[in-house]
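Read the structure below first, then the notes.
The values are calculated or read from the model by the stated rules, or taken from the named source; none is laboratory data. Predicted, not measured: the structure shown is a model, and the values here were computed from it. Cβ placement follows ideal geometry from the backbone for every residue including glycine, while neighbour counts extend to all protein chains displayed. Ligands, DNA and RNA are excluded from the accessible area calculation, which covers all protein heavy atoms including side chains. Shrake-Rupley method; radii C 1.70, N 1.55, O 1.52, S 1.80 Å.
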Amino acid sequence: MGLSGSFHSKSKQARILLLGLDAAGKSTVLYRVKFKEPFSTIPTVGFNVEMIQTEKHLQLTIWDVGGQEKLRSFWCYYFENTDGLVYVVDSTNKRTLDESKKQFQQVLQNELIKNVPVVVLANKQDLAGALNADEITRKFNMKKYCCDRDWYVQPCCAITGQGLAEGFNKVTEFVKRSKEEAVRFTKQNVTLKTSRKV
């Protein structure tokens with residue numbers, strides 16, 4: 001699967017925010033990735049946090065924040081220092097898709113999460129009527145709202161684990177690239193400042 005529960009001393013660390021409306025399957029995603037088996041969950045009041053080691057020497061600290069309406073106003077308190085966003089969508093629930101899209105777009109507009117790479121997990125693909133990745137891409141207007149960052153839409157089923165490895169491998173790829181670019185940018189700035197002093 002590309003993910004492991006143990007930790008490596010030379011691992012780099014990344015903070016991943018796991019958001020989505022209540023009943024989208026966030027906690028099921030988190031514990032399926034962590035334990036690699038089906039996991040019975042209850043609605044999250046507050047947050048869950050787990051550390052997962054990838055095979056690419058990147059330790060992900062994943063913050064799963066409750067998605068009930070009264071908790072969404074607290075999402076912004078978790079934005080600072082976020083390296084990647086995983087947004088989980090119940091791709092079968094046409095009734096909540098518009099609200100999910102609205103919340104997703106509000107998150108992306110926050111300055112604290114500007115340019116942070118995004119993976120949308122189109123969950124519940126095992127159920128009839130689930131929108132596929134292309135349909136979620138169009139519905140959430142990904143090309144417009146994510147034009148300033150790396151993004152990807154991954155169909156998945158949190159219960160069976162289908163698609164989760166691919167989704168989190170994409171998160172890891174984006175985060176590593178983003179961190180490498182940040183290091184290059186810092187080195188360039190240091191070089192420029194040094195050359196100006198000389």
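Brief remarks on what is shown
- Relative contact order of region 45-117: 25 percent, from C-alpha pairs under 8 Å at least 6 residues apart in sequence.
- DSSP beta bridge pairing in the chain, given as percent antiparallel to the nearest 5: 30 percent
- Between amide H atoms placed 1.01 Å from N, distances below 5 Å from VAL153 occur with VAL120, all of them 5 or more places distant or on a separate chain.
- Only Lys, Arg (+1) and Asp, Glu (-1) charged, at Cβ; the chain dipole about Cα centre in debye: 820 debye
- Full extension of the chain between VAL49 and GLN162 gives 38.5 nm of extra length, using 0.36 nm per residue less the Cα-Cα distance.
- For the chain, the mean residue ellipticity at 222 nm estimated from helices alone is -11500 deg cm²/dmol, where every DSSP H run of n ≥ 4 contributes -39500 (n - 2.57) and the total is divided by all residues, rounded to the nearest 500.
- Computed log₁₀ I(q)/I(0) - Debye formula, equal Cα scatterers, no solvent, the chain, q 0.08, 0.16, 0.18 Å⁻¹: -0.27, -0.99, -1.26
- Folded to 0 to 90 degrees: helix 164-197 orientation relative to the chain principal axis, Cα: 20 degrees
- Among the listed pairs LYS143/LYS176; LYS36/LYS144; LYS124/LYS144; LYS56/LYS102; LYS26/LYS56; LYS56/LYS94, a Cα-Cα separation exceeding 32 Å is found for LYS36/LYS144; LYS56/LYS102; LYS56/LYS94.
- Crossing angle, helix 26-35 versus the chain [Cα axis fit, 0-90 degrees, rounded to tens]: 70 degrees
- The slack between LEU71 and GLN13, meaning 0.36 nm per residue of separation minus the straight C-alpha distance, is 18.2 nm.
- The slack in the chain from ALA182 to ASP126, taken as 0.36 nm per residue of separation less the alpha-carbon distance, amounts to 16.3 nm.
- The residues of the chain present an accessible area of 54 Å² per residue when probed at 1.4 Å with all protein chains retained.
- Carbon plus sulfur fraction of accessible area for the chain, probe 1.4 Å, in percent: 52 percent
- Degrees, to the nearest 10: 94-108 long Cα axis against longest axis of the chain: 10 degrees
- Region 74-104 and region 129-162 have Cα centres spaced 12 Å apart.
- Between LYS144 and LYS101, the modelled label-to-label distance comes to 0.9 nm, taking each label 7 Å out from Cα in the direction of the beta carbon.
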